[in-house]
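Below is one structure, written out as structure tokens; the observations come after it.
Every number in this text was worked out from the coordinates using simple rules, so none of it is lab data. Remember, predicted model here, so these are calculated numbers, not experimental data. Cβ coordinates were reconstructed from backbone atoms using ideal geometry, including for glycine residues, and neighbour counts include every protein chain displayed.
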Amino acid sequence: MAENELLEPAETAIQQCLGLNQNESCVIVTDDKRRSIADALTDAARQVSDEVTTVQFPVGEQHGEEPPAPVAAAMSAADAFLAPTTKSLSHTRARSDACASGARGATLPGITESVFAEGLQANYAAIERHCENVYDAVNEARELHISSPSGTDFTVSIEHRPWQQDTGMINQPGDFSNLPAGEVFIAPTTANGTYVVDGTMRPHGLLEDEEFIRFEVSDGYVTDISDPAIRNQVEAAAETVGDAAYNLAEVGIGTNVGIDTLVGSVLLDEKAAGTVHIAIGDNAGIGGNTEAPLHLDGIVREPTVTVDGKELPLPAPAPA
């Protein structure tokens, strides 16, 4: 992709989402495979501020793996950060500690040039409004039930945990978002039932029609996974952290009305309006208590969501 095709979405990230100003420091954190996107973000940031640094490190082995200590230190020391990386830094102590120290920023896990160009063209003011509407509907809820044509029948308790909004607008100290953005999410207290991924999930990408991955959940832990590749990932993590690897970590509701089709990128597809995503593993960075070296999201298409027994109208993609 041509360099100028990346600069416009980079300017959206720096100016509209991050709201960087000339007196602020900014660090762009990247790895060996995402340098083109990092360079575009660096160029856009340097249009605004002279205090911009790029920090590069080798590609990690797993999503949620901690970056090297100097990378974590750079994130905490900056006023703002953006992290286009192959493996996600969203659910790491490095990211949460940076925000706790007052840095604001966004991670862009698994970002590709095409997803960057497409996902950062969205109207983030509209996404913010849809997030607020969903948040208002779920914020005081006790229980969420999710069903879908593919077989999902899943109930989560959400008492005493905070809902969070990923609006893409990260202009206050400590703010955090994914980019591309657009979801309202929570770390459930507990969960039971079956959820069936029929959208996108690593390592498979976008599933074929009539292809499903089934997860059985009891008392907040995944007890059975139908897919061998994903089951192997979780079992490998469990060798280090035990049952934490099986934790039902997150439920999120997509609010990005600019996404009208799934493309096979979890980063983008989990934000698609009219979808739900459910994750296994770490949730310590989003209001939960579980630390694990993985966070695996799977997208459920055409869900019906009821909030304390009342159906929630889900945002729909905007007409093309």
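If you place +1 on the Cβ of every Lys and Arg and -1 on the Cβ of every Asp and Glu, how big does the dipole about the Cα centre of the chain come out, in debye to the nearest 20?
Dipole size: approximately 420 debye.
Considering the options 70, 203, 123, tell which one lies farthest towards the positive end of the dipole of the chain, charges being +1 on Lys and Arg and -1 on Asp and Glu at the Cβ, about the Cα centre.
Result: 70, furthest along the dipole toward the positive end.
Please figure out what share of the DSSP beta bridges in the chain is antiparallel and state it in percent, rounded to the nearest 5. Provide the component values of the computation, followed by the final result.
Numbers: 47 of 66 bridges.
About 70 percent, rounded to the nearest 5.
Reachable aspartates and glutamates from residue 310, Cα under 14 Å, same-chain residues fewer than 8 places away excluded?
Reachable aspartates and glutamates: 136, 140, 143.
How would you classify region 3-119 from its alpha-carbon gyration tensor, with a ≥ b ≥ c the square roots of the eigenvalues: rounded for a/c under 1.5, else prolate if a/b is greater than b/c, otherwise oblate?
Since a/c reaches 1.5 but b/c is at least a/b, the shape of region 3-119 is classed as oblate.
Once Rh is set to the Kirkwood radius over Cα pairs, what Stokes-Einstein translational diffusion coefficient, in µm²/s, holds for the chain at a temperature of 4 °C and a viscosity of 1.567 mPa s?
Rounded to a whole number, D works out at 67 µm²/s.
How many percent of the alpha carbon pairs in region 157-313 exceed a separation of 19 Å?
53 percent
Please report, in debye to the nearest 20, how large the charge dipole of region 79-134 is about its Cα centre when each Lys and Arg carries +1 at its beta carbon and each Asp and Glu carries -1 there.
It works out to roughly 200 debye.
Rounded to the nearest 20 Debye, what is the dipole magnitude of region 124-311 about its Cα centre when Lys and Arg each give +1 and Asp and Glu each give -1 at the C-beta?
In total the dipole reaches around 260 debye.
When the Debye formula is applied to the Cα atoms of region 157-234, each taken as the same point scatterer, what base-10 log of I(q)/I(0) results at q = 0.11, 0.26 Å⁻¹?
For the requested q values the scattering log ratios are -0.43, -1.14.
Which of these, 85, 275, 240, has the largest mean-square fluctuation under a Gaussian network model of the chain (Cα springs below 10 Å)?
Top of the fluctuation ranking is 240.
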